[in-house]
Amino acid sequence: MRIPGPARGLFVGSMLLATVLTPAAAAQPLAAPAPSAVRAVCAGMDRIPGKVACRQLLRTDLPTHLGLTAAAPYGYGPADLQAAYKAPIQQGAGTTVAVTIGADYPDAEADLAVYRKQYGLPPCTSADGCFRKVNKNLNPSPLPAPDGAWSSEAAMDIQLVSALCPRCRIVLAEADSSDSTVLLPMVARLAKQVTPFVSSSWGGTEYPEQVREGKVLDIPGAVLGFASGDGPASVLHPSSSPYTIAVGGTALVRDPSTARGWSEKAWNSTGYGCSIYSAKPAFQNGVNTGCGKRATADVAAVADLYPGVAYYWGAGGGWRVSGGTSASTPIVVSLWALAGAPGKADRPASYLYAHPGAFNDVTEGPGAHAGWDGPTGLGTPDGVAGFVPVH
């Protein structure tokens, strides 16, 4: 088995490999974007221990468009993602998925309405109880100050929840800080008081205090999904916590030569490796991770920006294309929500390792091989059988 070690590959250049396969049904540009055409939305926000940043990567080489479009927006939409991961979208009614960020996203409901209408999804509004925003204490007000970077991240996240679980309710929880000491307790409150399904597309450098501070996430029955990271930064906390689900990334393309109709490779810029500080969790004891401590990732989904995922951010020009493990995290958490609630005393991460055959084993790409590997964990969801309790 290969030791995961630091994340491998260039930040952007090698992660965007062109392919002879067709990346999406809608018309697409002929070439992958140049490295200069990809921007880290929250760049530089996470270089101080205890601070975190969103992991979203944004393409800047494509035209933007406000409002509904006659043609399908560029990038993967709901139908693509549902097909690729066999999402049972008839499920999920009454289930809530929470998304967490470190500032206010003022246009969340309006942008969500455009996305859902564009793709023919049913409305999800505050009026019908499907969507709501809360602050770090889970109250409707006061909300924190707005921030453009966090807004872009949240736009993609709540819209990807809509894509994979159209019948799910959505809670957008907004902290007033990018400090882990503020965000982690908010995640814990959500898991204890609102929903077991919490998606957090952010993280920061590991630091000694993460073990003590991360104990707030020790919540049985909670699916706490965190992005494993992008670029050469290797391991991120809280994805390296033994209490979380670390979500890696893949490059996903349509492939009519396969029975699935899709193929995936490990995304070259997925962050993964061995934690410096966090203990090895029991659910990894049966897997040769090459690590004496916690290893990331556990599972993966699409993160590559060619073609990327489509999302709508009105303040950023309208339709945009994005990616990173910021995208794969809400995809995985939303699919998990379709599988139903975990057992209240369970460690849901153990479900993944008990059902290795329920995932698409990603064996190609940097660091990938048969079975568990660092960039993709056990693989990508093949439906939701890998997210159910072990009987």
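Worth pointing out:
- Local electrostatic count at Pro330 - Lys and Arg +1, Asp and Glu -1, tallied over other residues with Cβ under 12 Å: -1
- Within the chain, longest stretch free of exposed trypsin sites (Lys or Arg not before Pro) [DSSP loop, at most 11 other beta carbons within 10 Å]: 48-343
- Averaging 1/r over each pair of different alpha-carbon atoms in the chain and inverting the result gives 20.0 Å, the Kirkwood hydrodynamic radius.
- Cα centroid separation - the range 150-220 against the range 324-354, whole Å: 13 Å
- Cα-Cα over 27 Å, subset of Lys51/Lys133; Lys133/Lys192; Lys215/Lys293; Lys51/Lys192; Lys51/Lys117; Lys136/Lys344: Lys51/Lys117
- For the chain, built as a Gaussian network whose Cα springs stay under 10 Å, the top-fluctuating residue of Gln118, Gln193, Gln82: Gln193
- Estimated distance in nm for a label pair at Lys117 and Leu68, the labels positioned 7 Å out from Cα along Cα-to-Cβ: 0.6 nm
- Here the range 61-195 is treated with +1 on each Lys and Arg Cβ and -1 on each Asp and Glu Cβ, and its dipole about the Cα centre works out to around 640 debye.
- Of the peptides 91-98, 270-277, the order by per-residue mean of other Cβ atoms within 10 Å, starting with the highest, comes out as 270-277, 91-98.
- Listed by chain and number, the aspartates and glutamates placed with their C-alpha closer than 19 angstrom to that of Lys280 are Glu206, Glu209, Glu213, Asp218, Asp298, Asp346, Asp373; residues fewer than eight positions away on the same chain are left out.
- Residue among Leu183, Leu138, Leu172 with the largest mean-square fluctuation in a Gaussian network model of the chain, springs linking Cα atoms under 10 Å: Leu138
- At R0 = 35 Å, FRET efficiency that the Cβ-Cβ distance of Ala370 and Lys215 yields, to 0.05: 0.50
- Within the listed set Ser178, Ser228, Ser200, the residue fluctuating most in the Gaussian network model of the chain (springs between alpha-carbon atoms under 10 angstrom) is Ser178.
- Share of alpha-carbon pairs per 10 Å distance bin for the range 274-391, given as whole %: 13, 39, 33, 13, 3
- Ellipticity at 222 nm from helices only: DSSP H runs of n ≥ 4 in the chain, each -39500 (n - 2.57), divided by the residue count, give -5500 deg cm²/dmol.
- Dipole magnitude of the chain about its Cα centre (Cβ charges: Lys, Arg +1; Asp, Glu -1), debye to nearest 20: 440 debye
Each value in this text was obtained by applying a stated rule to the coordinates, not by laboratory testing. Note that the coordinates shown come from a computational prediction; the quantities given were computed from them, not determined experimentally. For neighbour counting, all protein chains shown are included, and Cβ atoms are generated from backbone atoms with ideal geometry for every residue, glycine included.
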